[in-house]
Amino acid sequence: MKSKTKNSRPEWDDYWMNMAEQISKRSTCLRHNIGSVIVKDNIIVSTGFNGAPRGTPHCSEIGCIRDQLKIPSGERIETCRGVHAEENAIIRGDPLRMEGATLYVNAKPCRWCSKAIINAGIKRVVYIDYYPEKEGVKTLREAGLELKIFNKK
């Protein structure tokens, strides 16, 4: 049996971002498959992916209203019927465990999600610089959160 070397193990940011990518595969959004994982002390606090609220039809079943209205990505997000991955992870998680946690997400958080991230007490956000909206990151910076753009290797 071949032994693994210490260097063959992924770094923690790689490990958690890979998990966010896997979680995104549950998304029912027709435009963007987004996944997130909230971690504290290298233990999962919560996960989330983007999709319609519980008990309502998914966009993958009935179509995307934003596509029907020809709304560009990153604009007028209030018209989207979906709940974002970051919001779902925050809603489903234990609020006491989120204080000081890190959120990993395979897209740039939008303004709405950024406000939820701040109020959840999350202190660090690792994200892939994918999503045209810019105000979310600006809001996170204003609140003093530690931000890291994740670069796929």
Among (1) part of a helix (DSSP H, G or I); (2) open to solvent by 70 Å² or more (accessible area, probe 1.4 Å); (3) not charged (D, E, K, R), where does TYR130 come up short? (1)
Within the stretch 95-153, count every residue that is polar (S, T, N, Q) and within 20 Å of GLU78 (Cα to Cα). 3
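May I ask you to verify whether GLU61 is open to solvent by 90 Å² or more (accessible area, probe 1.4 Å) and acidic (Asp, Glu)? Outline the logic, then answer.
Details: open to solvent by 90 Å² or more (accessible area, probe 1.4 Å): yes; acidic (Asp, Glu): yes.
Here the answer is yes, as GLU61 does meet what is asked.
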(1) in a loop (DSSP other than H, G, I, E, B); (2) of a type in the set (D, E, K, R); (3) surrounded by 13 or more Cβ atoms within 10 Å (Cβ to Cβ): which one isn't true of ASP14, the others all being true? (1)
When the stretch 77-105 is examined, which residues are found to be open to solvent by less than 30 Å² (accessible area, probe 1.4 Å), over 24 Å from ILE62 (Cβ atoms) and more than 13 Å from the chain's Cα centre (by Cα)? GLY93, MET98, ALA101
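The values are calculated or read from the model by the stated rules, or taken from the named source; none is laboratory data. Keep in mind that what you see is a predicted model, and the values were worked out from it rather than measured. For neighbour counting, all protein chains shown are included, and Cβ atoms are generated from backbone atoms with ideal geometry for every residue, glycine included. We work out accessible area using only protein heavy atoms, side chains counted, and drop any ligands, DNA or RNA first. Shrake-Rupley method; radii C 1.70, N 1.55, O 1.52, S 1.80 Å.
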